[in-house]
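The values are calculated or read from the model by the stated rules, or taken from the named source; none is laboratory data. From a predicted model like this one, the values you see are computed outputs, not experimental measurements. Ideal geometry is used to build each Cβ from the backbone, glycine not excepted, and the neighbour counts take in all protein chains shown.
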Amino acid sequence: MATSLVVYISFAGAAREAMTFYESVFGGELKISTFGDFGMADAPADGVMHSELRADGFTVMGADAFGEPEGGWGANRVHAAFMSDELDRVRGFYDRFVERGAEVVQPLEKQMWGDLYGEVTDPWGVAWMFNIAAPSGWAESGSVSS
């Protein structure tokens, strides 16, 4: 099983900051286009019209969305899930989110279905879920949190 994820996230004016944060977590190459780059007069010139972060095996895209009520943005707006059997790689993503201030919703540990599972919420309210297929021969505790 390979690790793969493509997600598109709308932000209320924080796309550049959020996408730069994701680049610090995942690595890869981030490309950002602004509304001004495309001559769109009805949006802030420096607002992100489209951004794309291509990392090894997946892509995260994002843009600024304007005109939404302020309270309409935040927790549970987006859930993104990694499904993988690459323990070290996906645990590294989880750990880097936590190191950079993401809120731990569920520690990364063995679950009743046999896999490792953890969930964090990043500073923009996006929930990230990590499910790693159970490697053979791990300890009963299954805890891999740092």
- Mind checking which residues of region 1-52 are assigned to a loop (DSSP other than H, G, I, E, B), touching a residue at least 60 places away in the same chain (Cβ under 8 Å) and not hydroxyl-bearing (Ser, Thr, Tyr)? MET1, ALA2, LEU5, ALA12, ALA14
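Can you name the residue in region 1-57 that is among the basic types (Lys, Arg) and closer than 22 Å to TYR94 by Cα and, of all such residues, is modelled with the lowest pLDDT?
ARG54
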- Task: Among the residues of region 95-122, count how many are touching a Ser or Thr at 6+ places or on another chain (Cβ under 8 Å) and under 17 Å from ALA134 (Cα atoms).
- Result: 5
- Query: So how many residues does region 104-146 have that are modelled with pLDDT under 80 and under 21 Å from VAL25 (Cβ atoms)?
  - Reply: 3
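Could you tell me which of the residues SER51, SER10, SER24, SER33 is hydroxyl-bearing (Ser, Thr, Tyr), touching a Ser or Thr at 6+ places or on another chain (Cβ under 8 Å) and surrounded by fewer than 18 Cβ atoms within 10 Å (Cβ to Cβ)?
Details: SER51 fails: surrounded by fewer than 18 Cβ atoms within 10 Å (Cβ to Cβ); SER10 fails: touching a Ser or Thr at 6+ places or on another chain (Cβ under 8 Å); SER24 fails: touching a Ser or Thr at 6+ places or on another chain (Cβ under 8 Å).
The unique qualifying residue is SER33.
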